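The values are calculated or read from the model by the stated rules, or taken from the named source; none is laboratory data. This structure is a prediction, so every number in the text was calculated from the model and none was measured. In this analysis, Cβ positions are derived from the backbone assuming ideal geometry, glycine residues included, and neighbour counts consider all displayed protein chains. Accessible surface is based on the protein model in full, side chains and every heavy atom, while ligands, DNA and RNA are left aside. Shrake-Rupley method; radii C 1.70, N 1.55, O 1.52, S 1.80 Å.
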Amino acid sequence: MIPHDNPSAEQLVEAVREWLQRDVLTSTVGSVQFHTRVAINVLAMVERELQLGSAQAAAHQRRLATLGCADDADLAARIRNGELDDRLPEVRELVWESVRDKLAVANPKYLDPPG
Amino acid sequence: MDDLTAALSEVLGGSTITSVARLSGGASRDTFRFEADGRPLIMQRQRGGYERDMAVEATALRLAAAAGVPVAEVIAASTDPSALGASYLVVSAVEGETIARKILRDTEFGPARVALAGQFGVALARLHSADVSGVGDFPADDPLDTYRAVLDEVGHPHPALELAYRWLQQHQPASPPMVLVHGDFRLGNVIVGPEGLRAVIDWELAHLGDPMEDLGWLCVKAWRFGGTLPVAGVGTREQLIAAYQQAGGGAVDPDVVHWWEVFGTWKWGIICITQALAHTSGVSRSHELAAIGRRVCENEHDLFLALEGRW
């Protein structure tokens, strides 16, 4: 539980993003407009992380536990030193799931097939 | 600007300098456009604190020009800071488009899109035939070692990049004779007209290495800018390789080009990490740089695509 009043963090970020989209983007040009667009994308990413973050954290913890790893640093080290070489297809499958989770927050469009 | 105009006149043998204008440059350089006795020129000046020597670029440009690669003509270059306050390079101005999305989408570049993959193959074949016997201490490190060290330095764990590194290590091609490699040959670093390639620019990452590095980098998915075709979004690997071989570029093993494509995807992921670090470390505070940190997973995704069925 958190002690804060409404709106939620997600709703606050959403409000700022909507203002950037509605007022700032339309009244700027060039570099400032470009950086406004970047800011809108960043805030949309934060909103997605606030929505999906806790479920993704739980899923990630389960994947790491399946491989007997404490965290990503442990997993990265064991891939590098060859300790997981006899389980590589399984490791790749689980790492692929994490990559997809990262994309679902960072840039969901990237998961769509090209075309 | 008056000081700059006077200094430019001095390094250009007393030419009359007019129309000096600052262009939006990269992170490490200031770029100016001007005219010297009516001839349009571009001057790039190294910004303080950046170590890369402008001399590498000037040397690479001269070698590439001698080998028949379309490039801007080097008018003046020096690492002596006394004239312009830093290392500088003056080249002829080449008119045309560098923005990838325009080249890939605007109607006027339709003929260019048909021609570019072949023209890239020819330009690279010529570049890789450049005479490098006199280049002396040109950079020639093993890029896999170089970027492994960068990945270790950033300190954040990336299991997907480790999986790719293991594959890269186990499949690294034998070192061929070292040739002059551009190091960042892609849309964005070429000037294109409606008819096609006009000049290859941005030679500051030039080095001695495996010629296939340039071919593989050109196929990295990030450099298709949303286009579907593998070579810069405009052509097939077969077109590129056929043009390269026909122009005397030597036999090409598509598996080696693929290795360099995977390497390039991995390397670009690592560069994205360092871009975000430039923000978080305080070197260059910018939400744009910060956001690039969250693009690492795009490269991890592309690595899985490029390695599908090949692990």
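At-a-glance table
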{"read-out": "Whichever lysines have a C-alpha closer than 28 Å to that of B:K102, once near sequence neighbours (fewer than 8 apart) are set aside", "value": "A:K109, B:K221, B:K267"}
{"read-out": "Among B:V90, B:V190, B:V283: highest mean-square fluctuation, GNM of chain B, C-alpha pairs under 10 Å", "value": "B:V283"}
{"read-out": "Debye intensity ratio in log₁₀ form over the Cα atoms of chain A, taken at each q of 0.11, 0.12, 0.14, 0.18 Å⁻¹", "value": "-0.56, -0.64, -0.78, -0.98"}
{"read-out": "Pair-distance profile P(r), taking every C-alpha pair of the stretch B:32-93, with 5 angstrom steps and integer %", "value": "4, 18, 27, 23, 19, 8, 2"}
{"read-out": "Carbon/sulfur fraction of accessible area - chain B, other protein chains in place, 1.4 Å, %", "value": "50"}
{"read-out": "Carbon + sulfur, % of accessible area of the stretch A:9-107 - ligands and nucleic acids excluded, 1.4 Å", "value": "56"}
{"read-out": "³J(HN,Hα) computed for each position of the stretch B:15-22 - Karplus, 6.51 cos²θ - 1.76 cosθ + 1.60, integer Hz, glycine/proline x", "value": "4, 7, 9, 9, 6, 6, 9, 7"}
{"read-out": "Sites A:D86 and A:Q51, calculated FRET efficiency, Cβ-Cβ separation with R0 41 Å, nearest 0.05", "value": "0.65"}
{"read-out": "Pair-distance profile P(r), taking every C-alpha pair of the stretch B:167-269, with 10 angstrom steps and integer %", "value": "15, 49, 33, 3, 0"}
{"read-out": "The stretch B:184-292: GluC sites (Glu not before Pro) in DSSP loop, at most 15 other beta carbons within 10 Å", "value": "B:E195"}
{"read-out": "Chain B: Cα Rg divided by the 2.2 N^0.38 Å rule of thumb", "value": "1.02"}
{"read-out": "Accessible solvent surface per residue of chain B, calculated while the other protein chains remain in place, 1.4 angstrom probe, Å²", "value": "43"}
{"read-out": "Estimated buried accessible area (total), pair A and B, 1.4 Å, Å² to nearest 100", "value": "2400"}
{"read-out": "Under Karplus coefficients 6.51, -1.76 and 1.60, residue-wise ³J(HN,Hα) of the stretch B:65-73 in Hz, glycine/proline x", "value": "4, 5, 8, x, 7, x, 9, 5, 7"}
